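Data first, discussion second: the structure below is written as structure tokens.
Every number here is computed from the coordinates shown, using simple stated rules; none is lab data. Computed from a predicted model, the values in this text were never measured in an experiment. As a convention, Cβ positions derive from the backbone with ideal geometry for all residues, glycine included, and neighbour counts pool all protein chains shown.
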């Protein structure tokens, strides 16, 4: 592994950790594209499997900081993550047999759809005292399975789906949803990367470098998250705009590769 690869992987990890800790799903969205287009990984499946492993570990590290800050709604987050685990295993199993560029193209389309929905202004600022009850349980379980499937299929932590899902199902605040999403990001990423590892589609050296960079970025992201808390709607729009930019780049590259092959 040459010095350029090491440095780009560390830098990618730092950016992933910063965004993941600040926005919940930003790091998950960016990890695989960074490995493909910045670090230089040639196989989309290896990029997906490796990024899933690194994002899961990075999310777990960031989760501890948010937990200490009292922002994680554990009952709701645990139900959502537990239901999504089944979906993530099924989704990643199907994804392994699909062409990499086709996966990336579908990933970019899903990113745009979710980002556009995030521009809508929430009707309320959210309930800071959300408690799990039967009504929320009925909402969280099916959404968790669906989001978990998408996370596993596209090989991402799924935070950009988890945050809106938690907001819709529970009505919690944006800050709580961002923090609580890290429970699912960790679990879905671990399940997806383990599934890919069974077929030798995880580069553990790159995953370790991403994790090292992500640790530093995650610490910085905890402070960014606190600064953004009073500006939840602005942060939401910035996050959505960022997702669209990444989606456009990923989609363009996927279409170019598919066209070249055809």
Checklist outcome for this item: Under a Gaussian network model of the chain whose springs join Cα atoms within less than 10 Å, the largest fluctuation of 251, 148, 221 belongs to 251
Item to check | Net length gained if the chain between residue 74 and residue 7 were fully extended (0.36 nm per residue, minus Cα distance) | outcome: 20.5 nm
Item to check | Cα-based convex hull volume of the chain per residue, rounded to whole Å³ | outcome: 106 Å³
Item to check | Alpha-carbon Debye profile of region 135-261, log10 I(q)/I(0) at 0.11, 0.22 Å⁻¹ | outcome: -0.49, -1.43
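Rounded to the nearest 0.05, what FRET efficiency is calculated for residue 146 and residue 229 with R0 set to 25 Å and r the Cβ-Cβ distance? Don't skip to the end; give the middle numbers.
Working: r = 28 Å, r/R0 = 1.12.
The value I calculate is 0.35.
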Checklist entry - Say we join alpha carbon atoms closer than 10 Å with springs in a Gaussian network model of the chain; which of 226, 237, 68 then has the biggest fluctuation? => result 68
